[in-house]
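A short worksheet on the structure shown next.
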Amino acid sequence: MATALVTGASAGLGKEYAVQLAGRGHDLVLVARDRGRLDLLAEELSERYGSRVEVLVADLSDRAATGRVADRLADPERPVDLLVNNAGFGSRRGFVRGDLAEEEAALEVMVRAVMVLSHAAAGAMRARGRGAILNVSSVASYAVMGHYSAIKAYVTVFTEALATELAPHGVTATAVCPGFVHTEFHQRAEMNMSRLPDALWLDAGDVVRSSLDDVARGRVVSVPSWTYKAVVGVLRAAPRGLTRTVAGSLAARRRSPHRPG
Ligand SMILES: NC(=O)c1ccc[n+]([C@@H]2O[C@H](COP(=O)([O-])OP(=O)(O)OC[C@H]3O[C@@H](n4cnc5c(N)ncnc54)[C@H](OP(=O)(O)O)[C@@H]3O)[C@@H](O)[C@H]2O)c1
């Protein structure tokens, strides 16, 4: 049975990747910091789908812990066929007012860990002549939404470069660029999303299903939903100055504190 390693598998999109991959017949390696949630999920997936599930507790802002996950990906005795680099988090504060340590952690988790784990997985997959890497980026990678956009722009472009380099070796790389998805992401970052229209929210199940289908098709960039395909089309065509102006006003609204009622 093929094995998938999913980072950030304790909640949100990562948990949904684990559930759907188990449903598609994969064994799993689940990575995140919260051992309790990972153990519960492992038990549930083993019972429901008969999957073999390993739990690998790791804080991906810690380089030694990231190294242990990379070692697991590179282990020739226990091949991993699909790597899902999904772990991540957002920040409500702007870059300058925000905490530098949090921004550095964001780089570690969403840039450095993605790069290190992709390197480990790609090397092992290239040697076997098969495998797939799915990096969770964002529609924000085409916009100008703070440090987060810069981070996700890295993920999208890095994945495109990886896909190009790996194509002759039977290995694919896909960047999935979702819009707003109902997960714990905004709550954890204490963002006020109350004014976001319902039409702009995506369901985690739909995002995961369409991105896994795109991985199977060997697509390099996967944008779930027609709404966000249109948004990405507009962002790519729009003058960059206009994109900055619109993104600036949206960021100001998101940073406004929660008010009852
Ligand atoms: N939700 C959205 O609107 C949206 C849109 C576009 C892209 N994304 C991207 O989707 C990915 C998943 O986010 P989500 O929406 O599913 O958020 P979520 O529900 O908050 O889940 C985030 C996951 O990342 C893990 N994580 C966070 N920091 C970590 C660390 N230092 N080390 C290891 N694991 C860590 C968390 O697990 P532990 O706390 O157990 O470590 C959790 O499993 C992120 O890369 C995010 O940027 C989200």
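The values are calculated or read from the model by the stated rules, or taken from the named source; none is laboratory data. What you are looking at is a predicted structure, and each value in this text was computed from that prediction instead of being measured. Counting neighbours? That spans all protein chains shown, and the Cβs are built from the backbone with ideal geometry, glycine included. Surface accessibility is based on the protein's heavy atoms, side chains included, excluding ligands, DNA and RNA. Shrake-Rupley method; radii C 1.70, N 1.55, O 1.52, S 1.80 Å.
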Given only helices, namely DSSP H runs of n ≥ 4 each adding -39500 (n - 2.57), what is the per-residue ellipticity at 222 nm of the chain, to the nearest 500 deg cm²/dmol? -16000 deg cm²/dmol
Among DSSP beta bridges lying fully in the chain, give the percent that are antiparallel, nearest 5. 0 percent
Selection of GluC sites (Glu not before Pro), the range 67-146, meeting DSSP coil and at most 13 other Cβ within 10 Å: GLU77
Spacing of the two label points (7 Å from each Cα toward its C-beta) at MET1 and VAL220, in nm: 3.4 nm
For the range 29-114, listing trypsin sites (Lys or Arg not before Pro) in a DSSP loop whose Cβ sees at most 11 other Cβ atoms within 10 Å gives ARG97
Using θ = phi - 60° and Karplus 6.51 cos²θ - 1.76 cosθ + 1.60, couplings along the range 164-175 (whole Hz; Gly, Pro as x): 5, 5, 8, 3, x, 10, x, 10, 10, 9, 10, 9
For the chain, which whole-number percentage of the solvent-accessible area (1.4 Å probe, protein heavy atoms only) is attributable to carbon and sulfur atoms? 55 percent
Highest mean packing first, using Cβ neighbours within 10 angstrom, the peptides 125-132, 163-170, 149-156 sort as 149-156, 125-132, 163-170
Relative contact order, percent, the chain [alpha-carbon distance under 8 Å, six or more residues apart]: 17 percent
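Subtracting the Cα-Cα distance from 0.36 nm times the residue separation, let me have the gained length for LEU196 to ASP75 in nm, one decimal.
That pair, LEU196 and ASP75, stretches by 39.2 nm at full extension.
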Quick one: among ALA173, ALA140, ALA230, which has the greatest mean-square fluctuation in a GNM of the chain with alpha-carbon springs under 10 angstrom? ALA230
Where is the GNM fluctuation largest for the chain (alpha-carbon springs, 10 angstrom cutoff): ASP198, ASP39, ASP214? ASP198
Helix 35-49 against the longest principal axis of the chain: what's the angle in degrees, Cα atoms only, rounded to the nearest 10? 60 degrees
Please compute the net charge surrounding THR183, taking Lys and Arg as +1 and Asp and Glu as -1 over other residues with Cβ under 12 Å from its Cβ. -1
Give me the distance between the Cα centres of the range 142-220 and the range 13-82, rounded to whole Å. 20 Å
